[in-house]
1. Given R₀ = 30 Å, FRET efficiency for residue 134-residue 238 by Cβ-Cβ distance, to 0.05?
2. Kindly provide the Kirkwood hydrodynamic radius of the stretch 18-105 in Å, to one decimal, from all pairs of distinct alpha carbon atoms.
3. If I take R0 = 41 Å and measure r between the Cβ atoms of residue 78 and residue 118 in this structure, what FRET efficiency does the formula 1/(1 + (r/R0)^6) give, to the nearest 0.05?
4. For the residue pair residue 279 and residue 37, what label-to-label distance in nm results when each label sits 7 Å from Cα along the Cα-to-beta-carbon direction?
5. Using the Kirkwood radius over Cα pairs, work out the Stokes-Einstein diffusion coefficient for the stretch 123-303 at 20 °C and 1.002 mPa s, in µm²/s as a whole number.
6. Normalise the Debye intensity by I(0) for the stretch 135-219, one equal point scatterer per Cα, no solvent, then take log10 at q = 0.14, 0.26 Å⁻¹ and round to two decimals.
7. Provide the gained length on full extension for the span residue 55 to residue 287, in nm with one decimal, where the gain is 0.36 nm per separating residue minus the Cα-Cα distance.
8. Please compute the length gained on full extension between residue 127 and residue 65, using 0.36 nm multiplied by the number of residues separating them and subtracting their Cα-Cα distance.
């Protein structure tokens, strides 16, 4: 018999419904596993569902089918950490996915919803940014909002001070601003990462109406965002490599590291970019440092016919 998938209804207003998020997350993680991935026989064309069946996943996790079905339908109340760990192992979740599952299944209950407040960057962190003369760096907060940056970040990525405050948001820039589609050599990878970060944020803060509004806006305006959001993939910000096209110095290969201030529960991260010593990209960064925040505009003007 085919499985019936009827996710729980969403909240009446504001925020993302944790029950729906839990249901969809578990379903998509189960669908990506093949029987042979977990040592089960594959019945080929006779299988009527993608990936593992619920009963197969329940068997691997050591729980009853009825219990797992209730959980996949979004009812995570009273689920134990041990059961979540067993399900995470059966689904072969990454560390980020395990954390996301825990947040979805056992959301923090707030007695009252605090009024939305503007995100503030501590003065010492701003001073640190200003002191990093040769390193592009910025502070990103909840919902991928860009909160503060230094002159080198403006030289590489553009002067966000010229944008309205609402548009200083990585997700909006990546999916709605054509300049950033051109900026990133591997735009598809940047887009995937951006959505995966937002998914992690949504798991931690499902009752955030501003995040829900952002997701709704991007879903309406970007088909690519809709597809990536429906995949329910999650990632933590950590480190990596980005390749960008700069109108003045050409292509740059930059390593990046993300740091979360110790004891800080605001969700803010300091993101820094640097190049391999002695590389063409390192020389290009030195050139951009001499140009300052106007480097991207100057380069664009020079390239204009």
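None of the figures in this text is laboratory data; all of them are computed from the coordinates on show. Computed from a predicted structure; not experimentally measured. Counting neighbours? That spans all protein chains shown, and the Cβs are built from the backbone with ideal geometry, glycine included.
1. On the way: r = 23 Å, r/R0 = 0.75.
Working from the Cβ atoms, E equals 0.85.
2. Working: mean 1/r = 0.0769 Å⁻¹.
Here the Kirkwood hydrodynamic radius works out to 13.0 Å.
3. Efficiency for this residue pair is about 0.65.
4. 3.2 nm
5. Details: Rh = 16.9 Å.
Translational D for this selection: 127 µm²/s.
6. -0.48, -1.48
7. Working: separation 232, 0.36 × 232 = 83.52 nm, distance 6.03 nm.
Length difference between fully extended and current span is 77.5 nm.
8. The residue 127-residue 65 span can extend by a further 16.8 nm.
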